[in-house]
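The values are calculated or read from the model by the stated rules, or taken from the named source; none is laboratory data. This one's a predicted model, so the numbers in the text were calculated from it and none came from an experiment. Virtual Cβ from ideal backbone geometry, glycine too; neighbours counted across all protein chains shown. Just so you know, the surface numbers come from the protein's heavy atoms only, side chains and all, with ligands and any DNA or RNA stripped out. Shrake-Rupley method; radii C 1.70, N 1.55, O 1.52, S 1.80 Å.
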Amino acid sequence: MLAKIRSAAVQGVDAHPIEVEVNVGWGDTLIVIVGLPDTAVKESRDRVSTAITNSGFKFTLGRTTINLAPADVRKEGPSFDLPIALGMLAGSEQMSCDRLDRFLAVGELALTGAVRAVKGVLPIALRARAEGREGILVPAENAAEAAVVSGLKVYGVQNLREAASFLDGEHPLEPTTIAIDRLFDAPASDEADFSDVRGQESVKRALEIAAAGGHNLLLLGPPGTGKSMLARRLPTILPPLTLEEALETTKVHSIAGLLSAGQALVTRRPFRSPHHTASDAGLLGGNANPTPGEISVAHHGVLFLDELPEFKRTVLETLRQPMEEGRVTISRAAGTMTFPAQFMLVAAMNPTPDGKMPAESRSSPREIQNYLGRVSGPLLDRIDIHIEVPPVKYRDMAGEQPGESSAVIRARVIEARRRQLERFRGNPGVSCNARMESRLIRRHCRLDESTHHQLENAMKDFGLSARAYDRILKVSRTIADLAGSDGISGDHLFEAIQMRSLDRQLWG
């Protein structure tokens, strides 16, 4: 007998429909899986047959042919175990086929018949809704994740027998529901706050500007000045994720397998800090079937690269295109995948190999230039703000007066972002000043004659590129937004230029 059940395969950040066809016929007992399966899918023959027996069903005798259609899409991972098992039970007439077409099913089977969690359930649930399915059967641990998709009934199943009984109409299940608003209301688990930071007012100002406009930032200073501590507090002043941003971020985390058991949604902006030994595949994404890398996992959040010159130069150069386009495209023999990568880059580094400022360093000028040369000029041009992090003064460290809290700074950042959202209404994909294209820069970053002259002199004095010109205007626009100003004044422009001159002093 032939039975059909729906499932889905994840490619990139989206899921594609897969029809699982199971034909149970006569002949020698054999299970054959076709349709471009990988090793994990082929191994499901043993998992599924053992799970069926241990769940109290009869083992299917005769030749069983399982086709995963379409045949030209590669099928990977153990998520097809559950639909294959249900198809085998329906094909051997141990359960009814009447309701199979109304649902989509995914899940890995243990040998006991228990259903284990799998990756990529959120994009699969979105696919089920797009196809007009009544509901989706998922592992119980993934039910909350799938339940954030409105208009779709999500049934979390514990084991194969429960899933089969539900589809047979013998065992009713209550669909999983999630109160999405409550997820965003949950308090943050970390206790990091800008009030813990003593001194460094200029650096905190730069971080506030970066957060308000979504700008990339370079922190340069000797060891022990608090570069990492400041960077790790940046997410506490970023505006909250919108539901659309949270769904996009959760899709990436789901595919990467980073969601914890029972987690429904990523509601906090990600903060990723890969080690400087990370490869280009680890940063961009890779493997035979491309999976998200660190820059995609940091989507709508912060990518922190500590000790920037210690990263391989080839790895750093791969960041240039994603920083401009907000996405990364990976080409492999298996196909081409595009992952979102709209992140804020925050980089930290020492000014010299021994960590001291050039005037105090014992390193030779050649050693200093070789060290700085590990970071290319084109990459520096793509970082909007360059700020020096000086040693903390003793009176600041010993003072008992706490600094400004993250909540106070965040309120100003949210107000500045609100102005930007109103400004860019009708421009999809542009949510902050850092994402402005040339057309929008000309429209929203107009300068009067005196500020034009001021910027012209800065371009000549510092030898700035055309890309740096655009980024100075973007940062100026953000400073004006923080000040509640409709136009860019000379003070706004001057502050933006000051945050762009540090690299010219060191790199020349």
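Can you name the residue in region 165-183 that is in contact (Cβ under 8 Å) with a residue 40 or more places away in the chain and among the aliphatic types (A, V, I, L, M) and is also surrounded by the most Cβ atoms within 10 Å (Cβ to Cβ) among such residues?
Filtering first and then ranking leaves 167.
Got a sec? Which of 60, 65 is open to solvent by less than 40 Å² (accessible area, probe 1.4 Å) and hydroxyl-bearing (Ser, Thr, Tyr)? Quick ask: steps written out before the conclusion?
Details: 65 fails: open to solvent by less than 40 Å² (accessible area, probe 1.4 Å).
Answer to the check: 60.
Go through region 251-296 and count every residue that is more than 22 Å from residue 325 (Cβ to Cβ) and β-branched (Val, Ile, Thr).
3
With the requirement that a residue be closer than 19 Å to residue 373 by Cα and either of a type in the set (Lys, Arg) or surrounded by fewer than 15 Cβ atoms within 10 Å (Cβ to Cβ) (or both), what does region 269-309 give you?
276, 277
Looking at (1) open to solvent by 50 Å² or more (accessible area, probe 1.4 Å); (2) among the hydrophobic types (A, V, I, L, M, F, W, C); (3) in contact (Cβ under 8 Å) with a residue 12 or more places away in the chain, which is the one condition that is false for residue 345?
If we test residue 345 against (1) open to solvent by 50 Å² or more (accessible area, probe 1.4 Å); (2) among the hydrophobic types (A, V, I, L, M, F, W, C); (3) in contact (Cβ under 8 Å) with a residue 12 or more places away in the chain, just (1) comes out false.
Quick one: would you say residue 109 is crowded, with 24+ Cβ neighbours inside 10 Å and either of a type in the set (A, V, I, L, M) or over 23 Å from residue 12 (Cβ atoms) (or both)?
Numbers: crowded, with 24+ Cβ neighbours inside 10 Å: yes; either of a type in the set (A, V, I, L, M) or over 23 Å from residue 12 (Cβ atoms) (or both): yes.
Yes.
So, of the residues in region 232-257 that are in contact with a Ser or Thr (Cβ under 7 Å, 6 or more places away or on another chain) and in a loop (DSSP other than H, G, I, E, B), which turns out to be least open to solvent (accessible area, probe 1.4 Å)?
Here the residue is 241.
Of (1) within 16 Å of residue 219 (Cα to Cα); (2) open to solvent by 20 Å² or more (accessible area, probe 1.4 Å), residue 408 satisfies all except one. Which?
(1)
Please go through region 433-492 and pick out each residue that is assigned to a loop (DSSP other than H, G, I, E, B), buried (at least 16 other Cβ atoms within 10 Å of the Cβ) and more than 27 Å from the chain's Cα centre (by Cα). Spell out how you get there, then give the answer.
Of all residues in region 433-492, those assigned to a loop (DSSP other than H, G, I, E, B) come to 436-437, 445-448, 463-465, 483-489.
Checking the rest, the ones that are also buried (at least 16 other Cβ atoms within 10 Å of the Cβ) come to 436, 445, 447, 464, 488-489.
The answer is 445, 447, 464, 488, 489.
From the list 20, 41, 10, which one is in contact with a Pro (Cβ under 9 Å, 6 or more places away or on another chain), under 17 Å from residue 107 (Cα atoms) and either modelled with pLDDT of 95 or more or among the aromatic types (Phe, Trp, Tyr) (or both)?
Working: 41 fails: either modelled with pLDDT of 95 or more or among the aromatic types (Phe, Trp, Tyr) (or both); 10 fails: either modelled with pLDDT of 95 or more or among the aromatic types (Phe, Trp, Tyr) (or both).
It is 20.
Kindly provide the set of residues from region 278-318 that are in contact with a strand residue (DSSP E or B) (Cβ under 7 Å, 6 or more places away or on another chain), part of a loop (DSSP other than H, G, I, E, B) and at pLDDT 90 or above, ordered by number.
Scanning region 278-318 gives 293, 298, 299, 301, 306, 307, 311.
With the condition kept exactly as written, say whether any residue in region 351-374 is at pLDDT 90 or above, in contact with a Gly (Cβ under 9 Å, 6 or more places away or on another chain) and open to solvent by 10 Å² or more (accessible area, probe 1.4 Å).
Checked region 351-374: no residue is at pLDDT 90 or above, in contact with a Gly (Cβ under 9 Å, 6 or more places away or on another chain) and open to solvent by 10 Å² or more (accessible area, probe 1.4 Å).
Which is surrounded by fewer than 21 Cβ atoms within 10 Å (Cβ to Cβ) and in contact with a Leu (Cβ under 9 Å, 6 or more places away or on another chain), of 20, 41, 34?
Numbers: 20 fails: surrounded by fewer than 21 Cβ atoms within 10 Å (Cβ to Cβ); 41 fails: surrounded by fewer than 21 Cβ atoms within 10 Å (Cβ to Cβ).
Of the residues listed, the single one that is surrounded by fewer than 21 Cβ atoms within 10 Å (Cβ to Cβ) and in contact with a Leu (Cβ under 9 Å, 6 or more places away or on another chain) is 34.
Quick one: which residue in 115, 73 is open to solvent by 10 Å² or more (accessible area, probe 1.4 Å) and in contact with a His (Cβ under 9 Å, 6 or more places away or on another chain)? Don't jump to the end; show me each part of the working.
Working: 115 fails: in contact with a His (Cβ under 9 Å, 6 or more places away or on another chain).
That would be 73, the only listed residue that is open to solvent by 10 Å² or more (accessible area, probe 1.4 Å) and in contact with a His (Cβ under 9 Å, 6 or more places away or on another chain).
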